[in-house]
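Read the figures in this text as sums done on the coordinates, not as results from a lab. Owing to the predicted nature of the structure, the values given are computational and were not obtained by experimental measurement. With ideal geometry, Cβ positions are generated from the backbone for all residues, glycine too; neighbour counts draw on all protein chains shown.
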Amino acid sequence: MERMLSGIKPTGQVTLGNYIGAIKNFLKYQDEYELFIFIANLHAITVFQDKLELKKNTKDIAALYLACGLDPKKVTLFIQTDILEHANLSFVLNCFTYMGELNRMTQYKDKSQKLGESSINVGLFTYPDLMAADILLYDPKYIPVGDDQKQHVELTRDIASRVNNRLGNVFVIPEPLIPENGARIMSLSDPSKKMSKSDESNDKGCIYLLDDPDVAKKKIMSAVTDSDAKIFFDRENKPGISNLLEIYSSLTDISIKDLEKKYSNSNYGEFKKDLANIVKNFLIDIQSKYKNVLDSKIIEDVLESGAQKARLIASKKLNKIYKKLGLAS
Ligand code: TYM
């Protein structure tokens, strides 16, 4: 089986965008690939986190992964800080990355434009190197992520090739795997922006998997749409309705074409009401599974056995690189 790896950062709650762009795809991959999934808690502290909230969010992500259907017998699930090699390799990769490359990363550029370069911490700047370390320690072939992470995986490929050229073949060059549908779920209140858990100013635009299902229903009902009342997919001219069609299609596995047919004679209100109920029922189901996972108290064991397996692979890889660099004998 080929290996695949991905992760989610525990900043705030898991969103419907995270589910559609990432978690949902992990479910189908767990039968076809050797899947490694982790919780990127070091990445989280690039923005200041309350320590109790960070702990809770970390545990919640693990519980939600399982509630969504990840099977711990098939998937290696672990927390980034349980494997010290991530931070170690990250420093090594800093030494193989140019400032210009990190300066060009869209997420960094957006944040530094918003906040000013001098108030951005260095951890945020070197964030892509930590992500490259997360990936390269395990030699995965594929990295399933939403659209916003593609550039980071591409940088990882460049760094891996550079290290391979200098040190001999140490890394597998990974490929990003972006879903055809749902790679970029947009904010419900501003469909020109990504649905994001870090956008605290915009709670209405974002559905969280642990939202009260009735609140989520209201968020769908009040989602921004355009003035023409026809329901069809046109991301450029009808970004609001196209986003809702994408959410609907992802949660039901009905194609967008079939949804356009189904709603060809309906108005926005009817369409939104159906979608609001679909989202509400989806959340009710996930939340009851999430509660069962928490009650069963299996998370610690799952994370511990995941960490043991991951640590073995990561420590071998780091040791190999340290030897090549003259840092270990
Ligand atoms: P994070 O936590 O921001 O997002 C986790 C995953 O969810 C996807 N995603 C979305 N997909 C569709 N629509 C959206 N609105 C949306 N918002 C988020 C992301 O693309 C991602 O796949 N740096 C990463 C975590 C990470 C990682 C890694 C991922 C750290 N190391 C190594 C892969 C491999 C991040 O912040 O994702």
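The dipole here belongs to the chain: it is taken about the Cα centre, uses +1 on the Cβ of Lys and Arg and -1 on the Cβ of Asp and Glu, and is about 520 debye. Over the stretch 92-220, the Kirkwood radius and the radius of gyration, each from Cα atoms, give a ratio Rg/Rh of 1.05.
Applying the criteria of a DSSP loop state and at most 11 other Cβ atoms within 10 Å to the trypsin sites (Lys or Arg not before Pro) of the stretch 291-329 yields K297.
Taking label positions 7 Å along the Cα-Cβ direction at both S296 and D214, the computed distance is 3.0 nm, reported to one decimal.
Sites count as exposed loop sites when they are GluC sites (Glu not before Pro), lie in a DSSP loop, and have at most 16 other Cβ atoms within 10 angstrom; the longest stretch of the chain without one is 33-179. Dipole orientation for the chain: of the candidates A67, V153, S196, V153 has the Cα lying most toward the positive pole (charges on Cβ; Lys, Arg +1; Asp, Glu -1). Calculate the all-directions average of the projected area of the stretch 127-178's alpha-carbon convex hull, and give it in nm². Spelled out: convex hull of the Cα atoms, projected over all directions, averaged, 3.1 nm². Given in Å, the Rg to one decimal and the Dmax to the nearest whole number for the Cα atoms of the stretch 135-293 are 19.2, 62. Only beta bridges with both residues in the chain are counted; by DSSP, about 10 percent of them are antiparallel. For the pair the stretch 274-329 and the stretch 166-232, the centres of their Cα atoms are 22 angstrom apart. At q = 0.11, 0.12 Å⁻¹, what is the log10 ratio I(q)/I(0) for the chain, with the Debye formula run over Cα points and no solvent? With one equal scatterer per Cα and no solvent, log10 I(q)/I(0) is -0.73, -0.87.
Projected onto its three principal axes, the C-alpha set of the stretch 7-92 covers 34, 30, 20 Å, listed from the longest axis down. Size descriptors for the stretch 203-291, from the alpha-carbon set: Rg then Dmax equal 13.0, 42 Å. Span-like helix criteria (full DSSP H runs; alpha carbon extent of at least 15 Å along the helix axis; mean Kyte-Doolittle hydropathy of at least 0.0) are satisfied in the chain by 239-252.
A run of the chain free of exposed loop cleavage sites, with chymotrypsin sites (Phe, Trp or Tyr not before Pro) counted only in DSSP states other than H, G, I, E and B and at most 12 other beta carbons within 10 Å, reaches its longest extent at 99-329.
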